[in-house]
Amino acid sequence: MSSEHQDSVSRRNVLGIGSTVATAVLAGVVANAQQPQNTRAAERDRSASNPGPENGALLKENPNSNTPPPTDHGDVGPVWYSFDLTHKRIQEGGWTHQVTQRELPSSQDIAGVNMRLTAGSFRELHWHTADEWSIMLDGNARVTVLNPDGTIFIDDVAKGDLWYFPAGYPHSIQGLGPDGCEFLLVFNEGMFSEDNTFLLSDWLAHTPGTVLSKNFGLDQAALAKLPTSSLYIFPADLPKSLAEDRAAVGGQTVQSPYTFRMEAMAPTKRTSGGEARIVDSHNFPASKNIAAAVFTVKPGGLRELHWHPNASEWQYYMAGKGRMAIVAAGGSARTMDFNANDVGFVPSMAAHYVENTGDTDLVFLAMFKAHEYLDISLNNWIRHLPPEMVTSHTGLDASSIRSIPAENSIIIAGR
Ligand code: MN
Ligand code: MN
């Protein structure tokens, strides 16, 4: 099935209309008796036609933005950006690019950074004002973090592993063999910037040699090779084994580890539509201020209608194709399509769903500036009210209400 055909099928499903008008729907013409008269008039004329220039590739990626479903309304604000639109800072040893509040102004609580390190290369020793959460997307890395009590944590991470470094704690990341690594970093400050962190190299370069000599108890001659400018990302030899590196720092261990094997954990919830893994301070105690969920939604499946009572949601799409619609206070509503490497945003408390519109698994990450993951399920709410109250609000009859899932399924299979 072609992706265009898939799109048409999905749009048909969301609009609840028949296959005979699928072509018309793709063209942005909606035949729905419940639509206002002016929309119906637009079907019969050329209101939606666009004879001027178009960026066809971008339109194909976001059909629901170009031709919004009739349920969209008003202005929700920006809900989409893509790492593939950003400036990539490339240095010998790797690269980085970021989607922060600068790129996605709605996202005041979370910023994301995507980084690649080749084998042996470092993201140099540094610290910053935000907490740092990360997921390994590919490859292997060694991380270190120093605690204020002087103990150091050293570990190796692989695809699917997480880490969490508290704000102000100095840390490092080094790509390992055979091909280094790529990872996504998430910070709990919308205006965080990878270009504005505290670097060891900057500290050394901007401190007088006489002071460094006194501080380290070294002759100035010994300081001859100190960096004179920022290193940031730079190549180096591969490190020794993890055991040797741990032994080299005195074998200290840290009670609360800063890494987490997410792929090894059992799903928090598994249904016939997919699965969810939720990681927050309850199961990853180091992650005090950032909560995460990774959802895998099978083709046709739905991350069900819900909202989050404690935070806005910052998303990173890892695989597949999806469509999210957000309904905000005041009745504004926006539908947007998402592809791998895109970022999505849901305003705090806003209602939303995410539907798999492709023919492969949709995998996406949902991040929250919060110590725990919380959500409110519409189905769960409806099924825990007196049925007469639900009928009064929705017109659903008692037997229909009883057939709605009573639990928070998180992910619902396609039908
Ligand atoms: Mn960092
Ligand atoms: Mn959500």
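The values are calculated or read from the model by the stated rules, or taken from the named source; none is laboratory data. Values in this document were obtained by computation on a predicted structure and should not be read as measured data. Positions of Cβ are generated from backbone atoms using ideal geometry, with glycine treated the same way; all protein chains shown enter the neighbour counts. Note: accessible area is taken over every heavy atom of the protein model, side chains too, but ligands, DNA and RNA are not part of it. Shrake-Rupley method; radii C 1.70, N 1.55, O 1.52, S 1.80 Å.
Quick notes on this structure:
- Placing unit charges on the Cβ atoms of the charged side chains and taking the dipole of the range 89-260 about its Cα centre, the candidate lying farthest along the positive direction among Pro257, Asn140, Ser241 is Ser241.
- Considering only Ser65, Ser399, Ser201, the mean-square fluctuation computed in a Gaussian network model of the chain, springs between alpha carbons under 10 angstrom, is largest for Ser399.
- With the convex hull of the Cα atoms taken as the outline of the range 89-260, the averaged projected area works out to 10.7 nm².
- Restricting the calculation to alpha carbons of the chain gives Rg and Dmax of 24.9, 85 angstrom.
- Accessible area per residue for the range 89-260 is 45 Å², calculated with a 1.4 Å probe on protein heavy atoms, without ligands, DNA or RNA.
- Each of Gln91, Tyr353, Ser312 was scored by the projection of its Cα onto the charge dipole of the chain, and the greatest displacement toward the positive side belongs to Tyr353; charges sit on the C-beta of Lys, Arg, Asp and Glu.
- Accessible carbon and sulfur surface of the range 89-260 relative to its total accessible area, %, 1.4 Å: 55
- Solvent-accessible area, 1.4 Å probe, carbon plus sulfur percent, for the range 265-415: 58
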